[in-house]
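The values are calculated or read from the model by the stated rules, or taken from the named source; none is laboratory data. As the structure is a computational prediction, the values presented were derived from the model and not from experiment. As a convention, Cβ positions derive from the backbone with ideal geometry for all residues, glycine included, and neighbour counts pool all protein chains shown.
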Amino acid sequence: DAVVRIIDNKVNEDRDTSIDEIMTIIKGPDFPTGAEILGHKGINDTYRTGRGKIRVRGVTDIEPMPNGKNRIVITELPYYVNKARLIENIADLVKNKKLDGITALRDETSREGMRVAIELRKDVNPQIMLNQLYKHTQLQETYGAIMLALVDNQPKILNLKELLDNYLSFQEEVVTRRTKYDLNKAQERAHILEGLLKALDYIDEVISIIRGSKDVATAKTSLMDRFGLDDIQASNIVEMRLRALTGLERQKLEDEYKSLEEKIKEYQAILGDEKILLGVIRSEILVYKDKYGDNRRTRIVAGGDDELDDEDLIPDDNTVITFTNLGYIKRMSMENFKAQNRGGKGIKGTELLDDDYIRELMMTTNHHNLLFFTNRGRVFRLKAYKIPEASRTARGTAIVNLIQLAGDEKITSTIALREENVEDNEYLFMVTKTGTVKKTRVTDFENINKNGLIAVNLKDGDELITVKKVTDEDDILLFTKFGQSCRFKATDVRPMGRTATGVRGMNLSAGDEIIAMQLASQGDSALIVSEKGLGKCTLLSEFPVKNRGIKGNKCYSVSERTGYLVGVKVVNQNDEVMIINTSGTIIRIKVGETTLQSRYGTGVKLIDLKSDEKVASIAKVRRDYLEEEAEEAAKEEAENASDESDVTSDDTNADKEQEKKDINRLLDRAEQDKKDD
């Protein structure tokens with residue numbers, strides 16, 4: 001692909017191809033054993049200077065076990081690392097007590113693929129053990145790379161662009177030499193055919209001369225003198241048996257001669273025009289690609305000192321991120337989810353372990369910074385694209401592979417931020433399970449190291465439930481699982497430092513707890529969803545603004561039929577939301593299809609649940625993504641209409657009139673479909 005791009009730029013745009021452009025196509029080395037390359041620094045050094053060090057790490061996963069233990073599972077190894085030797089090395093390290101905490105080591109490789117399971121003691125942090133394996137074994141290797149080639153018979157270190165330019169020059173030389181050879185052969189054969197065709201015009205006289213000559217030399221001389229043939233043509237005729245000479249078919253010879261003439265013109269064009277020569281090379285490369293190309297096996301993941309460069313190579317696409325109760329996280333494309341009618345069964349979103357369920361689902365883009373807040377009041381920071389992308393049904397990656405959580409620590413809330421969009425008057429508003437609230441400036445969370453920071457000091461038994469970005473103009477809405485709500489001004493809570501505990505935001509009844517916080521500025525109504533799949537919309541005007549610290553007002557009539565409240569989103573009628581159940585099934589619905597009810601209503605069925613399922617989480621689809629979808633749909637519709645209108649007919653007046661009617665009908669239909677949408 002990179003060589004094709006170089007050719008296209010040279011032929012079509014008459015410009016050189018930069019190494020930066022080439023590196024957007026050639027991402028990095030691809031090893032037959034797969035594994036992961038850590039970061040782009042080593043790749044950049046290698047491709048830009050011809051020398052570099054590339055760190056390759058095996059693919060691992062941390063799997064929780066039923067007894068509370070964890071195991072590390074290795075599924076791919078760095079190139080040239082022998083699995084048996086790696087297992088032996090790990091066993092020796094355990095025996096020599098350089099690795100403490102491994103209780104079992106098994107090779108579970110089967111036809112389904114490689115799998116080495118390393119079981120850990122209950123008190124061992126799996127991420128720390130994994131880091132020790134990277135340090136002491138070949139699970140992580142560093143390869144020295146040098147791009148050395150012979151240029152003009154001299155060894156030379158080349159960067160990626162120089163390497164491809166030299167390759168292309170070599171291909172030009174190869175194709176030129178091959179074409180010259182083919183041209184020479186074609187001209188030689190055409191020259192002989194010219195003599196044969198001339199001989200066929202006088203076949204009887206030619207045969208008579210050959211028979212009447214005393215030797216071959218005399219026959220050749222006679223033919224050359226009589227018919228104007230040269231030595232090569234005459235020799236070819238004389239060396240043929242008379243039977244073969246008389247059996248020649250003029251039509252076949254003429255067809256062959258005509259074909260050779262076309263080939264000669266083609267060969268001469270290739271040799272006379274560099275653009276045509278490059279076109280031949282381009283076509284041949286695409287043939288090789290179709291014949292030998294395969295999917296990339298080695299993934300390039302963030303790591304090393306080049307994290308800032310990763311973003312330049314990753315598109316800022318819309319994405320869905322999910323967390324499970326057992327700590328699995330994954331990133332998925334929004335293309336996996338299309339809107340359905342309310343009450344639908346949804347599509348399978350995640351293959352979950354027993355007793356696991358989705359805790360949180362959020363929409364963002366790949367370039368957003370994600371602040372991960374935990375139930376223990378700590379916060380971690382990670383780019384969205386650093387969360388491994390997975391299929392819709394994949395389980396995902398254990399969160400402990402990405403951030404350093406304590407044993408009983410879980411992610412409870414995530415904030416997506418763009419640093420360039422942060423204002424001085426923006427705050428992070430935090431709410432705990434018992435109703436405590438706190439407001440801290442966003443800028444206080446700019447510098448977060450890999451060990452995280454304290455976001456809020458919690459009282460014994462309390463947990464951080466949710467966090468949102470607010471301004472002083474916002475109204476805060478709190479919702480409880482018993483169906484109570486409280487609305488107050490954000491200015492009712494003064495700004496506090498990171499380590500502060502906060503103040504009372506809502507007074508809760510015994511057994512009740514906060515399940516959601518929303519901002520009134522995000523819509524005109526509240527979509528309220530219960531754990532048994534019932535939901536409704538209630539206008540925000542029905543939620544009076546009061547002081548913080550009160551018990552609030554009823555917002556939902558909780559009963560055995562509805563179950564407790566599990567999620568609330570402030571929405572507009574043209575919004576869409578995604579609902580996910582405890583089995584991992586996701587449904588995307590339009591808010592306008594839900595009923596508008598008072599604060600005391602219970603709503604209608606939004607998602608069809610089995611007897612052992614409950615709603616786990618809800619998320620609002622990003623507005624910019626909905627606009628992109630609408631634009632793509634309109635564009636596709638217009639293209640379809642254009643394709644249909646391009647159908648031609650006979651050039652008669654009647655057909656022209658019919659074509660105009662058809663085009664107008666298509667345009668009317670497209671316009672009507674847009675109105676319906």
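Each residue in segment 255-279 was checked for being surrounded by fewer than 17 Cβ atoms within 10 Å (Cβ to Cβ) and touching a Ser or Thr at 6+ places or on another chain (Cβ under 8 Å), and 1 of them qualify. Regarding segment 538-553, can at least one residue be identified that is at pLDDT below 95, in a strand (DSSP E or B) and closer than 30 Å to D460 by Cβ? Yes - at least one qualifying residue is present in segment 538-553.
Determine whether G113 is closer than 23 Å to Y328 by Cα, of a type in the set (G, A, S) and at pLDDT 90 or above. Taking the combined requirement at face value, the residue satisfies it. Here D309 meets each of (1) modelled with pLDDT of 85 or more; (2) under 19 Å from the mean Cα position of the chain (by Cα); (3) outside any loop (DSSP other than H, G, I, E, B) with one exception, condition (1). Considering segment 1-54, and only residues there that are more than 21 Å from the chain's Cα centre (by Cα) and in a loop (DSSP other than H, G, I, E, B), the residue that is farthest from L278 (Cα to Cα) turns out to be G50. Figure legend. Inter-residue proximity from segment 259-272: first residues closer than 14 Å to R189 by Cα, second residues in a helix (DSSP H, G or I) and charged (D, E, K, R), beta-carbon distance below 8 Å, spacing 6+ or different chains. Indicated pairs: L260/R189; K263/D182.
This table checks each residue for (1) over 30 Å from E256 (Cβ atoms); (2) crowded, with 17+ Cβ neighbours inside 10 Å; (3) β-branched (V, I, T); (4) in contact with a helix residue (DSSP H, G or I) (Cβ under 9 Å, 6 or more places away or on another chain).
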{"site": "Q127", "(1), (2), (3), (4)": "yes, yes, no, yes"}
{"site": "N131", "(1), (2), (3), (4)": "yes, no, no, no"}
{"site": "Y143", "(1), (2), (3), (4)": "yes, yes, no, yes"}
{"site": "M147", "(1), (2), (3), (4)": "yes, yes, no, yes"}
{"site": "N159", "(1), (2), (3), (4)": "yes, yes, no, yes"}
{"site": "S169", "(1), (2), (3), (4)": "yes, no, no, no"}
{"site": "L197", "(1), (2), (3), (4)": "no, no, no, yes"}
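Residue-by-condition table, conditions (1) without any contact (Cβ under 8 Å) to a residue 24 or more places away in the chain; (2) more than 32 Å from the chain's Cα centre (by Cα); (3) at positive phi; (4) assigned to a helix (DSSP H, G or I):
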residue	(1), (2), (3), (4)
T434	no, yes, no, no
N447	yes, no, no, no
K450	no, no, no, no
D460	yes, yes, no, no
I465	no, no, no, no
E473	no, yes, no, no
C486	no, yes, no, no
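Residues in segment 93-125 that are assigned to a loop (DSSP other than H, G, I, E, B) and within 30 Å of the chain's Cα centre (by Cα) were compared, and the one that is surrounded by the most Cβ atoms within 10 Å (Cβ to Cβ) is M114.
Being farther than 28 Å from L609 by Cβ and either at pLDDT 65 or above or in a loop (DSSP other than H, G, I, E, B) (or both) is a property that does not hold for K330.
Go through segment 134-152 residue by residue and tally those that are acidic (D, E), without any contact (Cβ under 8 Å) to a residue 40 or more places away in the chain and either assigned to a strand (DSSP E or B) or within 14 Å of F31 (Cβ to Cβ) (or both). Total satisfying the criteria: 0.
The residues listed here are G535, G549; of these, the one that is crowded, with 23+ Cβ neighbours inside 10 Å and either aliphatic (A, V, I, L, M) or out of contact with any helix residue (DSSP H, G or I) (no Cβ under 7 Å at 6 or more places or on another chain) (or both) is G535. When every residue of segment 238-256 is checked against the conditions, at least one turns out to be under 55 Å from the mean Cα position of the chain (by Cα) and assigned to a helix (DSSP H, G or I).
From the list R494, R498, R504, R548, the lone residue that is charged (D, E, K, R), within 38 Å of the chain's Cα centre (by Cα) and closer than 20 Å to A455 by Cβ is R498.
Total residues in segment 493-537 satisfying the condition of being under 30 Å from S583 (Cβ atoms) and assigned to a strand (DSSP E or B): the figure is 15. Pairs linking a residue in segment 540-557 that is β-branched (V, I, T) to a residue that is assigned to a loop (DSSP other than H, G, I, E, B), with Cβ atoms under 8 Å and 6 or more positions apart or on different chains, are I550/M506; I550/N507.
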